[in-house]
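Structure, as structure tokens:
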Amino acid sequence: MAASAIRLPPASRIERLRAFTPVIVLVVVFAVIGAIAPAFLSIDNLVRIMNASAIPLCLALGATFIILMGSIDLSVEGVVAMGAVLTALLVQNGANANDLGFLAIPLVLLMGAAFGFVNGVVHVKLQIPSFMVTLGMSFIAIGIATVMLAGERVRITDTTFRELALGRVLGIPMGVWVALAATLVAYVIQTRTRLGRWIFAVGGGEDILRLTSVPVGRVRILAFTLAGVFYGLGGILSAAQLGQGHALMGQGRLFTTITAVVVGGTSLMGGQGGVQNTLVGVLIVVGLANGMVLMGVPPYVQTGVQGVLIIAAVALAVDRSRARIIK
Amino acid sequence: MNPAVAARLRDVAPILTLILLVLVVGIGSRGFLSPETLLVLAADTSTLFIMAAGITFVILLGGIDLSVQAVASMSSVVMALLLPSLGYGAFPAALAAGALLGLANGLAFTRLRVPSFISSLAVGGIATALALAFSGTRSIPIGEELRHAYLWWITGRMLGIPAEIWLGLIVLAICLFVERYTLFGRWSLAVGAGEPAAVASGVPVALVKLLACVVSATLAAFAGMVLGGRLVAGSPTLANEFLLPAVAAVVVGGTALTGGVGSVWRTLIGALIVSVVRVGMTFLGVDVFVQQIVLGIVLILAVWITIDRAKIPIVK
């Protein structure tokens with residue numbers, strides 16, 4: 001909680017304990033699964049968990065900024081699909097003559113930023129609740145991704161580019177390093193920039209903030225743009241990892257993303273939580289998924305488990321004194 | 001423009017839009033205005049309308065239900081699995097499965113105080129997991145004999161009109177009755193119009209919200225059955241493309257996302273508009289995937305026009 005510009009009033013012992021709940025949950029989850037299936041805690045499997053966490057982490061980092069403001073972003077799957085398709089079409093591939101290599105990265109990030117920007121502008125200027133704007137935008141983005149490929153999929157033939165996810169440094173996949181770098185960037189933005197502090201302030205109490213000189217609308221638009229960049233990065237990593245791009249590549253990502261953020265302890269009401277919580281949340285969700293597979297639970301059960309997790313985490317985090325009307 | 005005229009205009013705008021669209025598409029393509037094409041269009045709209053009618057009740061009180069497509073798919077799986085053993089019993093079983101998910105959603109929404117968009121998203125995930133588990137991740141075909149024996153009321157015709165249209169009309173009649181002449185219907189509007197006032201005047205707000213979620217999921221399950229009957233199969237991804245048009249139908253019809261304003265009647269107009277726009281685009285040769293982009297934009301615009309900003313001082 002080093003982040004919040006507005007210091008919360010001195011917390012009671014229970015509240016301080018509450019801040020550490022996600023970490024305790026993480027330790028318990030890993031300990032319990034490790035006790036049932038010892039293979040879970042082997043080095044190989046831990047690396048596997050890290051690798052599987054890379055993309056969800058990038059996406060959840062973006063969503064964290066939005067949820068910190070008390071808004072929500074449902075456009076994750078659409079922007080990831082767009083990012084993956086655009087990446088696949090820009091590097092050496094089986095469908096056209098492009099061969100931009102790593103130059104594709106800034107272009108795709110820019111596309112993500114553009115989508116996020118539109119999300120933010122429509123939300124702020126037309127005063128439409130964010131869940132509706134981003135839901136519509138997600139359908140639009142998947143539509144565009146599908147049209148770009150006419151429903152087909154493209155294979156990436158650029159092996160150097162795929163090293164971005166598959167190559168290993170110190171025995172750990174590149175994708176993990178990329179995600180860690182993204183986490184660091186997100187943490188710096190959250191703690192060391194004006195935007196980061198304003199995002200917390202917007203989530204903490206927008207009505208009061210409007211009386212100050214903080215440009216609330218601009219903060220919201222910027223936050224959505226920033227989130228788009230992180231989703232774009234998620235799209236790039238997905239394309240590099242799977243070696244292809246198609247319009248359904250984001251499927252299932254939204255669910256994991258939101259589960260990770262709320263399980264990590266970032267409140268849907270806004271103003272509480274942050275990047276460090278999201279890191280813990282992603283490890284809980286991905287660790288649980290990996291553990292269930294090790295214990296022989298069919299993979300599709302995970303969607304259901306995540307659904308229960310979302311409800312439980314949100315229900316436990318609802319600050320009943322602040323929210324009297326829940327819609 | 002004076003406010004009364006503006007409000008009146010907003011009232012009739014959806015139906016004017018519908019008439020205009022039908023005329024434009026009718027002039028653009030000769031075949032469109034033939035009785036047979038119009039019947040097919042109405043039959044196609046029926047499933048969409050049934051699903052959207054359910055969501056209407058939740059939106060009327062200011063919430064949202066994002067679980068409908070998952071619930072519909074799950075219900076089609078339950079129906080297809082149980083038809084061989086239970087016969088007609090498969091239909092109430094599928095409806096009950098939907099109602100139970102609606103109950104879970106409603107309890108999370110009212111008891112655990114989870115906002116409806118997130119509780120319904122989560123329950124949708126649970127519904128998908130159940131559908132995948134029941135079906136073993138496969139599509140379940142319904143045999144020819146079973147279809148003849150039990151699905152006549154979905155796939156047949158009565159008085160020369162496809163059965164689906166009758167089903168849609170029955171749902172419309174029941175929903176209109178519930179909305180206008182029952183306590184639940186009146187209370188829904190009251191909660192949407194102003195929740196604090198509704199609480200103060202003794203409306204059992206939590207119960208109304210819970211019921212709305214159950215109604216929405218039950219109608220989604222019914223839509224899933226009709227869709228499964230048409231496609232002669234149950235599948236965990238059967239209704240996957242339905243959420244966008246269903247929410248669009250409600251909002252385009254003029255039911256405001258902020259609650260308190262709207263009706264199932266408007267949803268019917270909205271569903272017809274969505275259908276005519278789709279068919280019109282197909283007639284004009286617009287790619288199916290581009291249609292999704294257009295619908296997404298239409299949805300955002302419709303929300304923008306209908307939303308009541310006085311009710312949400314801070315838009316999150």
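Filtered by the rule that a residue be surrounded by 24 or more Cβ atoms within 10 Å (Cβ to Cβ) and in contact with a Pro (Cβ under 7 Å, 6 or more places away or on another chain), the range B:232-256 gives B:Val252, B:Gly253, B:Gly254. Looking at A:Val318, is it surrounded by fewer than 21 Cβ atoms within 10 Å (Cβ to Cβ), within 14 Å of another protein chain (Cβ to nearest Cβ), modelled with pLDDT under 90 and in contact with a Lys or Arg (Cβ under 7 Å, 6 or more places away or on another chain)? Against the criterion (surrounded by fewer than 21 Cβ atoms within 10 Å (Cβ to Cβ), within 14 Å of another protein chain (Cβ to nearest Cβ), modelled with pLDDT under 90 and in contact with a Lys or Arg (Cβ under 7 Å, 6 or more places away or on another chain)), A:Val318 qualifies.
Determine, yes or no, whether B:Asp287 is free of Cβ contacts under 8 Å to residues at least 40 places away in the same chain, among the acidic types (Asp, Glu) and either farther than 16 Å from B:Leu18 by Cβ or open to solvent by 20 Å² or more (accessible area, probe 1.4 Å) (or both). For B:Asp287, the condition - free of Cβ contacts under 8 Å to residues at least 40 places away in the same chain, among the acidic types (Asp, Glu) and either farther than 16 Å from B:Leu18 by Cβ or open to solvent by 20 Å² or more (accessible area, probe 1.4 Å) (or both) - is met. Listed by first and then second residue, the pairs with beta-carbon distance under 6 Å, at least 6 apart or on different chains, first residue in the range A:218-230 and in contact (Cβ under 8 Å) with a residue 24 or more places away in the chain and part of a helix (DSSP H, G or I), second open to solvent by 10 Å² or more (accessible area, probe 1.4 Å) and among the aromatic types (Phe, Trp, Tyr), are A:Val219/A:Trp198; A:Thr225/A:Phe117; A:Gly228/A:Phe115. Among the residues of the range A:210-234, just one is of a type in the set (Ser, Thr, Tyr), more than 21 Å from A:Val176 (Cβ to Cβ) and within 21 Å of the chain's Cα centre (by Cα), namely A:Thr225. When A:Gly78, A:Gly62, A:Gly83 are checked against the criterion of being away from every other protein chain (no Cβ under 14 Å), open to solvent by less than 10 Å² (accessible area, probe 1.4 Å), within 27 Å of A:Asn277 (Cα to Cα) and over 11 Å from the mean Cα position of the chain (by Cα), a single residue qualifies: A:Gly83.
Remark: pairs (first residue in the range B:66-88, free of Cβ contacts under 8 Å to residues at least 24 places away in the same chain and more than 15 Å from B:Arg230 (Cβ to Cβ); second residue among the aliphatic types (A, V, I, L, M) and open to solvent by less than 10 Å² (accessible area, probe 1.4 Å); Cβ separation under 8 Å; 6+ apart in sequence or on different chains) = B:Leu82/B:Ala90; B:Leu82/B:Ala94. Among residues of the range A:113-132 that are open to solvent by 40 Å² or more (accessible area, probe 1.4 Å), those with a beta-carbon under 6 Å from a residue that is of a type in the set (Lys, Arg) at least six positions away or on a different chain give the pairs A:Gln127/B:Arg309. Would you confirm whether or not the range A:241-249 contains a residue that is in a helix (DSSP H, G or I), farther than 30 Å from A:Asn96 by Cα and either open to solvent by 20 Å² or more (accessible area, probe 1.4 Å) or within 14 Å of another protein chain (Cβ to nearest Cβ) (or both)? No: zero hits.
Sub-7 Å Cβ pairs linking a first residue in the range A:28-53 that is farther than 24 Å from A:Gly175 by Cα and open to solvent by less than 50 Å² (accessible area, probe 1.4 Å) to a second residue that is modelled with pLDDT of 90 or more and among the aromatic types (Phe, Trp, Tyr), at least 6 apart or interchain, are A:Ile33/A:Phe40; A:Gly34/A:Phe40, ordered by first then second residue. If you take the residues in the range A:190-216 that are farther than 16 Å from A:Gly270 by Cβ and of a type outside the set (A, V, I, L, M, F, W, C), which one is surrounded by the most Cβ atoms within 10 Å (Cβ to Cβ)? Among them, the one singled out is A:Thr191. Going through (1) modelled with pLDDT of 80 or more; (2) out of contact with any Cys (no Cβ under 9 Å at 6 or more places or on another chain) one by one, B:Thr306 falls short only on (1). One residue is enough: does the range A:97-110 have a residue meeting the conditions among the polar types (S, T, N, Q), buried (at least 18 other Cβ atoms within 10 Å of the Cβ), more than 10 Å from every other protein chain (Cβ to nearest Cβ) and at negative phi? No; the residues of the range A:97-110 include none that is among the polar types (S, T, N, Q), buried (at least 18 other Cβ atoms within 10 Å of the Cβ), more than 10 Å from every other protein chain (Cβ to nearest Cβ) and at negative phi.
The values are calculated or read from the model by the stated rules, or taken from the named source; none is laboratory data. Every value quoted in this text rests on a predicted model; they were computed, and no experiment measured them. Please note: Cβ atoms are built from the backbone with ideal geometry, for glycine as well, and neighbour counts cover all protein chains shown. Quick note on the areas: whole protein, heavy atoms, side chains included, nothing else; ligands and nucleic acids left out. Shrake-Rupley method; radii C 1.70, N 1.55, O 1.52, S 1.80 Å.
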